[in-house]
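The values are calculated or read from the model by the stated rules, or taken from the named source; none is laboratory data. On a predicted model such as this, the values are computed, not experimentally measured, just so you know. These accessible areas exclude ligands, DNA and RNA; they are computed on the full protein's heavy atoms, side chains included. Shrake-Rupley method; radii C 1.70, N 1.55, O 1.52, S 1.80 Å.
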Amino acid sequence: MKKTILVTGGAGFIGHHMIRRLLKHEEYNIISMDRLDFSGNLNRLSELRQEFGTDTMKRLQIIYHDLRAEINPQLAAQIGPVDVIIHMAAGSHVTRSIENPMLFVQDNVVGTCNLLEYARRCLPNLEKFINFGTDEVFGSAPEGIEYREYDRYNSRSPYSATKAGAEELCVAYENTYGMPIYCTHTMNVFGERQLPEKFIGTAMRKILAEEPVIIHCDEETGTKSGLRHWVHAADVADATMFIMNLPHKGFPLADESGGATCPKFNIVGQQEVSNFNVAHKIAEILSKELKYVMVGYDTQRPGHDFRYALSGEYMKKLGWEPIYSFDTRIEQMVTWTLKNDRWLKL
C-alpha cells in the first residue's frame, strides 16, 4: 500500500531535492505544498518532470498554500490522508530577518504552528512529522566545538530565533499531545538549482566574470575565512529517508537528551571546509584564477557568525553519513550548473 508524504516548501531548493528522492520510490505518493514566493520555483518541479517522465510525476500533487494562514477543513479534505509530513518551508535569509523580524515570526513560528495544528486535528494516523531546523539556533561555534543535538540555543539573529521557536513548538506538541515528531538541524546546504544569490552561485558568477569574490573573514586577523560543514541537498534528502525509517522511540543515545522525548538529529557534511577553500575549489573546477577580497564579519554581516559547527556522530552511530566527499559534490554541482546556466541568473 502506498504512503502519502506531504513536503512543505516542495518547490524550494531543498524541498525539490526531497521530492526528487521520494519519486525514486514507487511506494510513495507525494504532495508538495508551497506558496511560491521568491524561494519557491515551479521550474524546479517542471525539470523533475523532464527527468522522471509524466507517468512517475502522476504521483506528485501540487497544492498552493501559504502556511501563515491555517489549513482549513476544505483544504484538509483536498489534501486527504497523510502518513508523513516533512516540513521544509521556512523563511531562511538572515539579512532579511534583521530587516523584517516580524515577517520571519509569521513564516517560521506561526507557519509551523498552523501546520502542527492541522496535523493534530486532521491526521490522527500520522506516522511522523519531521521538522527541518538549522545549525544557527546554537549560534557561533568556538574552535574545537561541534554542537550536539540537545545542546543549548544561542540565537544570533531573528531568523535563528524564529527557527528555534518553531523547533520548541514541535517539542511542545510532542510532549503535550504525544505527536510523533522528529527535529533535524542542517547547515550550509548546497546543490543543483540553488538560488544564485547564495555563496556558491555568487562565487561562480564572479569567477566566470573574472571579478573578485567577497570572502568574509575573522575581523581580528583579516585572514581566516568562515568555516562550515557543507552538505549537499541530495545527502539531506537521503538522511531524511533514513530518519523516516527509524522507530520513534528507543534511540541508543537517549541519555544525551537529558530526558527529552522529542528525537533530534544533526544532518552534517563529511568535512569542515572554509569559505575560501570553497571559492578556491570552484575556481579550480572552472579553470579560472580566484580573485578575492577578505572582509570582516562583524562590520559587514551582523547576525552572521564566523563559524558554525554541528556534530554528526549521533547519525553515524545510528548508521547514516554522507557517501560522497565535499570535493565530489561541489564538482557535481558546478559542472551541472555550467550546463544549466539559467540557474545562475539573478
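Could you tell me the center-to-center distance, by alpha carbons, between region 31-48 and region 64-92 in angstrom?
14 Å
Note down the relative contact order for the chain as a percent, whole number, built from C-alpha pairs under 8 angstrom at least six residues apart.
18 percent
Order Tyr28, Tyr64, Tyr292, most accessible first, counting only protein heavy atoms with a 1.4 angstrom probe.
Ranking Tyr28, Tyr64, Tyr292 by accessible area, largest first, yields Tyr64, Tyr292, Tyr28.
Write down the accessible area per residue of the chain in Å², having rolled a 1.4 Å probe over the full set of protein chains.
45 Å²
Which percent of the accessible area of the chain is formed by carbon and sulfur heavy atoms (probe 1.4 angstrom)?
Ligands and nucleic acids excluded, carbon and sulfur reach 48 percent.
How many percent of DSSP beta bridges within the chain run antiparallel, rounded to 5?
Antiparallel bridges make up about 5 percent of those DSSP assigns within the chain.
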